[in-house]
Structure formats: structure tokens, C-alpha cells
Amino acid sequence: MRTDIFARLDREPEPPKIEPPRMSRHRIALFGGTLAFYLAIVIAVLASSWLVTLDWKVMLFRPYQQWPEIHAFLDYYIVLGQRGPTATMVACWLGWRSWRQHTLRPLITLGVALLLLNVTVGAVKIGLGRLGPHYATQIGSAELFAGGDIFPSGHTANAVVTWGILAYLATTPRARRYLSAVSAIVSLGVGLTTVYLGTHWLSDVLLGWAAGLLIMLGLPWAEPLITRAEAWIFAQRENLRGFGRPVPSVPVAAGGPRTVRLPQPDGGDVPARSPALEPVAAAATGTRSRAHASHPAHAVRSERTPVTPAGSRRPPHTDRTPRGGTSPARPVAGG
């Protein structure tokens, strides 16, 4: 059975050398132009200009009544702009890439992009408080500061960021071009679908496109933070791996020195010296003997040779005879 068809599923030995996009002059120019467009939309809506009038004309046209045959399909297509399902799908794909390439950059980049999306878009939504077309109260009004949360369109901005992150993390220029085109088509379709269903004004969609594009164009500024976050996570992983790890003990080779216990008459056991340790013990004993020999004043009593006299310790007397012997004759005085 051939197994080479599964070779592409193996993990790569090291991360590919992928250069993240940098803030080039071209990208900075696009970021500045998109930011100017973003501010122009906000000012036009705040001033209730011609853009608000266009919003009302599109809303009163009621596209969902003009083309009802595509209503069912667009109800499913709008899911491509919902944050929960799309973020889950993209996170699964990027998670597999992270595991295969031994890097956390794809997942961290997705997390940073979604965090920026929630903060920037959410702050403008709450700050302006615009009501949607289904909840409008006065024809021709911008419906601002009325407690709504639809300006800019979250579905549109989320489609730009979620699908655009795949193009941002592409490994080849060709894949980046194709994925950029796909993400642009998907986000454009999601924005127009919200206008068709009557859940957003046209100006909401325009601002949502600009908001998502600003995040994607400014994402290279967050690359140093992404790099530091990845290094910190890997460092914490190594610390957790080393925490509580037992100290390795030195194994005893087969046939090495072992302690043998000998039975004693009183029932106890005394460790006997292994035959393999006898040379070591002999060398240690010889070392101690040489040390004592170098200091004779402190010699151990057991090492002295006792000297025992052969005869009696009393001094000899010439005028005495031993017991049992004949004493010499004493001279008789006055004889």
C-alpha cells in the first residue's frame, strides 16, 4: 500500500521563512486614503447630507420585495459575515497551520485583528447610536444617538477582516492575490446582502468596508507585538514543562557494585562489602596506614607491638637463692 499520498499531512521540520507585510509607502498611502474616506462618511451622516437621502431611497425601494427569489439564498449567504461561525472556521484552519509550521503567528494575528475590530467598530457603534431601517422613526433623518448599534455594519467589517486575514497570512504572492480577490468579493456580497435584507443603511455598509480595510492595512504595525507575544507563550510553555520534573538518578550498570546483607546470629543483617568494592577498600586502608605511619606520636594502641619480658620483673639478688635450692654456707662468726 502506498503511503506517500499522506506525506503532505506531516509536520514541517521548521517554520517557513515567511516575511510579514511591512508598512511600505504604498500601504501607508492606502491607509491614509481609507482613513479620509472613513471620516468623510461619518461627517456626511452627521450632517444629514445627500448620503442620508440616498440611504432612505434605497430603503424605501425595498430590494427584498423587488427580487424575492434570491431571498432564501441570501439568508444563508449572510452567515459568511457573522463573527461566530466565520471566526471559528478560520481559527480551525489557522490552528492547523500553526501546528504544522510550529508557530503561533497565524492564531495570534487573527486574535489581534478581531480584538481591534471589536474595539474600533464597537466604540463607533455605541458612540453614534444609529437606528436601523426597520426601526427608523422619521423619514429623511439620520437616526443618530437614538440607542442603536448598526453604524458601521459589523457584518461587513467582520467579512473584510476574517476573510482578509487569510490573504494577509498567505505564504506566496500568488496565493495572496487570489485570496485578496476572494475576500473582497465575499465582503462586498455580505455588505450588499445586508442592504437587500433591510438590516443596514447603505452608508453603514460603506463605513463597514472602510473600518475593516483600515484594520487590515494597519496590521503590520502590530507585528512586533505579535512576535513578542509568541515568544512569551513559548517561554511559558517551557517553564511549565520543566516545573515539577524529577531529578534523573544515575542508573547502576549490570554487574556493578551492589550491597549484600549477611545474616547474623542475632537475626540482624549487616551489609557486606561487594567483591567489586574490595580493591577500593584495600586502597583506602592502605592510605590510612600510610597516614598513621607519618605520625608515630599518634599511633593507635592496636598497631603497637607489645613487649613482654621472658623472666621475672624483679631485679636479681646474688645473696638470695631460689626456692627449692640449697643455700650456700654462711660463715660462722667467732669461730
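Structure values in brief
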read-out: Search result, residues across the range 31-55 that are aromatic (Phe, Trp, Tyr) and surrounded by 18 or more Cβ atoms within 10 Å (Cβ to Cβ); value: Phe31, Tyr38
read-out: Residue in the range 15-27 that is among the acidic types (Asp, Glu), assigned to a helix (DSSP H, G or I) and either modelled with pLDDT of 90 or more or under 30 Å from Pro173 (Cβ atoms) (or both) present; value: no
read-out: Test: residue in the range 155-166 that is within 37 Å of the chain's Cα centre (by Cα) and surrounded by fewer than 17 Cβ atoms within 10 Å (Cβ to Cβ); value: no
read-out: Filter result for Tyr178 (aromatic (Phe, Trp, Tyr) and under 27 Å from Ala47 (Cβ atoms)); value: no
read-out: Residues that are among the charged types (D, E, K, R) and assigned to a loop (DSSP other than H, G, I, E, B), drawn from the range 123-167; value: Arg130, Glu143, Asp149
read-out: Matching residues, the range 80-122, being hydroxyl-bearing (Ser, Thr, Tyr) and not in a helix (DSSP H, G or I); value: Thr103
read-out: Out of Ala175, Ala170, sole residue that is surrounded by fewer than 21 Cβ atoms within 10 Å (Cβ to Cβ) and assigned to a loop (DSSP other than H, G, I, E, B); value: Ala170
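Conditions tested, residue by residue: (1) in contact with a strand residue (DSSP E or B) (Cβ under 6 Å, 6 or more places away or on another chain); (2) within 25 Å of Lys125 (Cβ to Cβ); (3) surrounded by 20 or more Cβ atoms within 10 Å (Cβ to Cβ).
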| residue | (1), (2), (3) |
| --- | --- |
| Leu188 | no, yes, no |
| Gly208 | no, yes, yes |
| Glu223 | no, no, no |
| Ala231 | no, no, no |
| Asn239 | no, no, no |
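The values are calculated or read from the model by the stated rules, or taken from the named source; none is laboratory data. Note that this is a predicted model, so its numbers are computed, not measured. Neighbour counts are summed over all protein chains in view; Cβ atoms, including those assigned to glycine, are modelled from backbone coordinates with ideal geometry.
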